[in-house]
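Below: one structure, written as structure tokens.
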Amino acid sequence: MKQFFSFVQKEARHILRDRRTMLILFGMPVVLMLLFGFAITTDVKNVRTVVVTSQMSPQNQQAVERLAASEYFTIVATAPTPKDAELLIRHQKADLAIVFAPKCAGVQFIVDGADPNMAQQWTNYAQSIITQPSEGTYNSLHSTQKSASPTGERLGVRLLYNPQMRSAYNFVPAIMGMLLMLICAMMTSISIVREKERGTMEVLLVSPVRPLMVVVAKAVPYLVLAIAILATILLMARFVLGVPLAGSLFWIVAVSILYILLALSLGLLISNIAKMQLVALLLSAMVLLMPVVMLSGMLFPVESMPKILQWVAAVVPPRYYIEAMRKLMIMGVGIGEVAREVTVLAAMTALILTIALKKFKVRLE
């Protein structure tokens with residue numbers, strides 16, 4: 001056991017004295033959290049709005065005042081006709097134009113549709129504010145939205161879990177899944193392949209410590225670092241981005257550790273395939289990055305993908321971790337509600353670790 005801890009200490013010292021590695025391990029999570037939390041956002045704010053004044057009634061004026069009082073829309077100009085408002089949008093001086101029909105018969109939106117997703121959000125937000133009763137306040141937009149149905153009745157809409165519609169609620173669990181997978185798999189694979197490149201792995205294997213203990217000893221420091229990275233992400237999510245930890249912190253950490261073990265197992269498997277550090281880096285960064293970003297539900301709902309891509313996404317581990325974290329962190333459910341995701345992650349971990357260890361022993365013998 002003393003020899004095992006000596007190997008762990010050796011690997012830990014090697015990691016800590018490499019400043020570039022430490023910068024990657026802790027700099028990347030901080031930068032990505034800040035980027036996705038503040039810069040890369042789908043939140044609706046300060047939409048440049050033009051109001052067509054050809055049909056303005058007291059009710060329409062009140063609706064415009066509610067728009068101007070909100071943080072979502074900024075009235076930048078007025079236009080006498082819809083054609084003039086359209087020209088302002090085409091000249092990139094506005095994003096949205098509002099045209100009121102005669103006698104309050106309805107509202108028309110002219111929207112810059114270059115980004116269709118944002119255009120749809122702008123329209124939904126504007127419609128929700130305009131159709132509120134005059135005595136309502138725009139602050140109730142997200143907690144209880146009210147709009148008019150085609151029959152004239154008023155419909156109430158309650159938004160659960162994320163009443164402010166903040167994109168950080170969606171991005172933080174996704175960033176956790178991406179970072180823990182890439183960092184753990186990449187650093188573990190590179191560490192083992194580096195020993196092979198330098199010819200020191202054979203020296204380690206002829207030591208009194210069994211090969212399995214050598215591999216575990218090299219993975220332990222990365223497990224500890226991954227837990228430290230997880231703590232950094234959770235602290236930034238809670239106190240910098242304002243994302244709640246509605247569920248049990250114990251289960252959030254427990255599921256995350258299971259996912260970290262899965263990522264470390266993938267790194268070990270990659271190290272069996274790669275013979276050079278560059279190859280290991282490309283395999284862990286490129287092969288894992290595209291599935292994590294495109295097929296895990298990080299940016300696009302898996303349910304909206306073609307069937308064949310849904311089948312491929314079923315074997316992407318981050319998909320299940322991201323789903324579990326969204327339920328535990330945002331929805332605040334119990335561990336029983338994520339039993340399916342945890343079971344899949346545990347099965348993947350056992351399968352990948354078994355294959356990786358078996359191939360490692362056969363390869364080195």
Given the conditions (1) closer than 23 Å to ILE183 by Cα; (2) open to solvent by 40 Å² or more (accessible area, probe 1.4 Å); (3) out of contact with any Asp or Glu (no Cβ under 8 Å at 6 or more places or on another chain), and given that GLU323 satisfies all but one, which numbered condition is not satisfied? (3)
Selection over the range 326-343 where residues are exposed (fewer than 14 other Cβ atoms within 10 Å of the Cβ) and assigned to a helix (DSSP H, G or I) yields a count of 4
So, of the residues in the range 45-87 that are under 17 Å from PRO102 (Cα atoms), in a loop (DSSP other than H, G, I, E, B) and open to solvent by less than 60 Å² (accessible area, probe 1.4 Å), which turns out to be modelled with the highest pLDDT? THR81
Quick check on my filter: what residues within the range 233-286 are among the β-branched types (Val, Ile, Thr), open to solvent by 40 Å² or more (accessible area, probe 1.4 Å), in contact (Cβ under 8 Å) with a residue 12 or more places away in the chain and part of a helix (DSSP H, G or I)? VAL253, ILE257, VAL279
What pairs can you find where one residue is in the range 344-362 and loosely packed, with under 12 Cβ neighbours inside 10 Å, the other is modelled with pLDDT of 85 or more, and their Cβ atoms are less than 9 Å apart, with a gap of 6+ or different chains? THR354/SER265
Before we move on, is LEU32 open to solvent by 70 Å² or more (accessible area, probe 1.4 Å) and either outside any loop (DSSP other than H, G, I, E, B) or modelled with pLDDT of 80 or more (or both)? no
Might you let me know whether the range 14-22 holds any residue that is touching a Ser or Thr at 6+ places or on another chain (Cβ under 8 Å) and at pLDDT 85 or above? no
Selection from the range 294-311 of residues that are surrounded by fewer than 15 Cβ atoms within 10 Å (Cβ to Cβ) and in a helix (DSSP H, G or I): GLU303, SER304, LYS307, ILE308, LEU309, GLN310, TRP311
Condition test on VAL206, is it of a type in the set (Val, Ile, Thr), surrounded by fewer than 14 Cβ atoms within 10 Å (Cβ to Cβ) and at pLDDT below 80? yes
Being open to solvent by 30 Å² or more (accessible area, probe 1.4 Å) and at pLDDT below 70 is the filter; apply it to the range 96-135 and report the residue that is nearest to ARG66 (Cα to Cα). SER134
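The values are calculated or read from the model by the stated rules, or taken from the named source; none is laboratory data. In this text, all values refer to a predicted model and were calculated from it rather than measured experimentally. Heads up, the Cβs are rebuilt from the backbone with ideal geometry, glycines too, and the neighbour counts pull from every protein chain shown. Surface accessibility is based on the protein's heavy atoms, side chains included, excluding ligands, DNA and RNA. Shrake-Rupley method; radii C 1.70, N 1.55, O 1.52, S 1.80 Å.
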